[in-house]
Amino acid sequence: MDWISDNLTLRSANLRNDWRNTDKRIWNFDWNNNSEFEKSGGKPQYLSARVSATTGELLGFNISYQQTGKTEVTLDQDEVQKLGEEFLKRVQPERFGEVAFDPERNAIGKMLPEPWNTRYLSYHRVANGVDFPDNGMTVTVDPVAGIVTGYELNWSESNLPSVSGILTKEKGVESFIKARPFNLFYVRINSNGVPGDLRLVYLPIDHDRGMPLSNTLDAKSGELLDYEGQPLGKGPKPFQFTDLTGVSGAEEIAALGQAGLFGDFGNSFKPEEKMGIASLLRAIYYSRFGLSGSTSLTEVEIMNKAKEQGWVKEDIQPGDPVNRELLAKVLLRYIQLNKLAELKNIYLVPFQDTAEINPDALGYIALATSTGILKVEGLTLSPRDTVSRSEAAVSLFRSLGWRN
């Protein structure tokens with residue numbers, strides 16, 4: 001960023017996760033005027049910027065200038081747009097070819113000669129010939145100073161669904177009308193909060209319940225979708241695990257599947273695979289708060305919510321496996337027995353490898369095994385061994401009987 005003025009001093013720099021793409025990290029920088037006495041007109045007084053920690057790509061910035069007293073607009077609307085687009089082409093040469101100007105959001109009208117009269121230009125993403133209004137880029141231009149004062153990129157790195165196999169627009173309309181047939185209603189028209197005249201209008205309704213519902217139609221299946229993108233009215237689907245024959249705890253695991261838990265692999269449970277912490281915490285979160293409103297949470301979001309609940313206090317990542325010690329800790333925190341588990345010098349366990357148990361986990365292991373939440377065959381615990389998906393799931397099922 002060689003355009004940073006020499007009168008600015010870097011005041012802060014921090015590295016954070018990108019809330020739009022949670023697997024990415026971003027550097028955030030802030031500069032301020034380095035002298036309380038230097039308030040020269042026309043010089044920048046503040047600058048903030050966001051930069052990709054992986055690629056070094058400029059993701060956004062805002063800059064403010066000391067007012068000069070100048071009021072005459074030097075750029076008309078066309079010149080503002082030209083300046084803004086020249087900047088975007090310079091910082092995003094490839095992506096600028098994948099956006100379209102938003103005329104409705106940029107109806108700026110007659111420009112007035114105030115120095116604070118910055119102009120905001122918005123461009124939305126077009127992918128595979130389909131509008132993607134939640135993605136795009138913006139730029140702000142000061143028409144008085146004739147400079148760009150801000151820029152923001154919002155660009156999802158996720159793979160976009162293919163447009164192959166979608167319904168035609170006509171077929172989509174037909175499917176919508178079938179699911180939400182129009183009916184005639186008397187409706188009072190309000191103006192500025194004041195009740196107005198009654199009108200006869202046609203409104204789409206739900207055929208079964210007679211009330212307005214979703215306006216979102218799946219472009220491939222033709223089904224109405226709820227706010228989570230799930231087929232309307234069907235809710236979370238139970239899982240019918242097909243690979244539980246001969247598995248210890250098959251009945252308990254099947255019950256969890258019927259409740260919509262552990263559906264990481266659809267109707268395959270994969271009982272012998274290692275249990276990952278994100279999968280376990282997702283099942284725990286669903287069992288406490290339900291699936292509604294939760295199924296779209298990412299692994300990172302699940303981890304954060306588990307930490308907020310106090311179920312996880314260790315420094316672990318979503319892809320980390322679960323060992324027996326961690327399983328005992330997470331489940332006892334979940335059922336709120338952690339205060340008892342953390343009492344000192346009162347617990348004994350009957351295992352031959354007790355010395356391998358971390359001292360801070362001894363109480364958790366003692367309670368988990370004595371209550372039957374954690375079932376260990378023989379006298380060897382192997383506290384650091386990774387547990388299988390079946391062992392972890394059965395332990396969760398048993399812990400539910402102890403939940404307050």
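The values are calculated or read from the model by the stated rules, or taken from the named source; none is laboratory data. Note that the structure is predicted; figures quoted are calculated from it, not measured. For neighbour counting, all protein chains shown are included, and Cβ atoms are generated from backbone atoms with ideal geometry for every residue, glycine included.
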Next item on the list: Go through the range 11-32 and give me each residue that's touching a helix residue (DSSP H, G or I) at 6+ places or on another chain (Cβ under 8 Å) and in a strand (DSSP E or B).
Entry: ASN17
Next item on the list: Scan the helices (runs of 4 or more DSSP H) fully inside the range 231-324 and keep the ones with 2 or more residues being without any contact (Cβ under 8 Å) to a residue 40 or more places away in the chain and among the small types (Gly, Ala, Ser).
Entry: 250-258
Notebook entry, point to check: If we scan the range 368-382, do we find a residue that is at pLDDT 90 or above and more than 27 Å from VAL247 (Cα to Cα)?
Noted result: no
Notebook entry, point to check: Does LEU379 count as in a loop (DSSP other than H, G, I, E, B) and farther than 21 Å from GLY249 by Cα?
Noted result: no
Next item on the list: Just need a number here: residues in the range 368-392 that are β-branched (Val, Ile, Thr) and surrounded by fewer than 16 Cβ atoms within 10 Å (Cβ to Cβ).
Entry: 1
Margin query: Can you go through ASN338, ASN323, ASN267 and tell me which one is touching a Lys or Arg at 6+ places or on another chain (Cβ under 6 Å) and not small (Gly, Ala, Ser)?
Written below: ASN323
Next item on the list: State which residue is nearest to SER248 (Cα to Cα) when the search covers only the range 334-352 and only residues that are within 37 Å of the chain's Cα centre (by Cα), in contact (Cβ under 8 Å) with a residue 24 or more places away in the chain and assigned to a loop (DSSP other than H, G, I, E, B).
Entry: ILE335
Margin query: If I ask for residues that are at pLDDT below 80 and in a strand (DSSP E or B), which ones from the range 62-79 would you list?
Written below: TYR65
Margin query: Can you pull out every residue in the range 162-181 that is surrounded by 12 or more Cβ atoms within 10 Å (Cβ to Cβ) and touching a residue at least 12 places away in the same chain (Cβ under 8 Å)?
Written below: VAL163, ILE166, LEU167, LYS171, GLY172, SER175, PHE176, ALA179, ARG180, PRO181
Margin query: Quick check on the range 199-219: of everything there that is among the hydrophobic types (A, V, I, L, M, F, W, C) and at pLDDT 80 or above, which residue is nearest to PHE182 (Cα to Cα)?
Written below: LEU203
Notebook entry, point to check: Mind checking which residues of the range 336-348 are surrounded by fewer than 19 Cβ atoms within 10 Å (Cβ to Cβ) and either under 22 Å from LYS375 (Cα atoms) or touching a helix residue (DSSP H, G or I) at 6+ places or on another chain (Cβ under 7 Å) (or both)?
Noted result: GLN336, LYS339, LEU340, GLU342, LEU343, ILE346, TYR347, LEU348
Note to self: Can you tell me which of (1) assigned to a loop (DSSP other than H, G, I, E, B); (2) free of Cβ contacts under 8 Å to residues at least 12 places away in the same chain; (3) over 35 Å from the mean Cα position of the chain (by Cα) is the one ALA355 doesn't meet?
What the structure shows: (1)
Check: Given the structure, is SER395 in contact (Cβ under 8 Å) with a residue 40 or more places away in the chain, among the small types (Gly, Ala, Ser), surrounded by 13 or more Cβ atoms within 10 Å (Cβ to Cβ) and under 27 Å from GLU299 (Cα atoms)?
Finding: yes
Next item on the list: Look through LEU83, LEU59 and report the one residue that is at pLDDT 90 or above, under 17 Å from PRO143 (Cβ atoms) and buried (at least 16 other Cβ atoms within 10 Å of the Cβ).
Entry: LEU83
Next item on the list: Output the residue which, of all residues in the range 259-294 that are more than 23 Å from ASP243 (Cα to Cα) and hydroxyl-bearing (Ser, Thr, Tyr), is modelled with the lowest pLDDT.
Entry: SER292
Check: Out of the range 284-299, which residues are closer than 21 Å to ARG389 by Cβ and within 18 Å of the chain's Cα centre (by Cα)?
Finding: TYR285, TYR286, LEU291, SER294, THR295, LEU297, THR298, GLU299
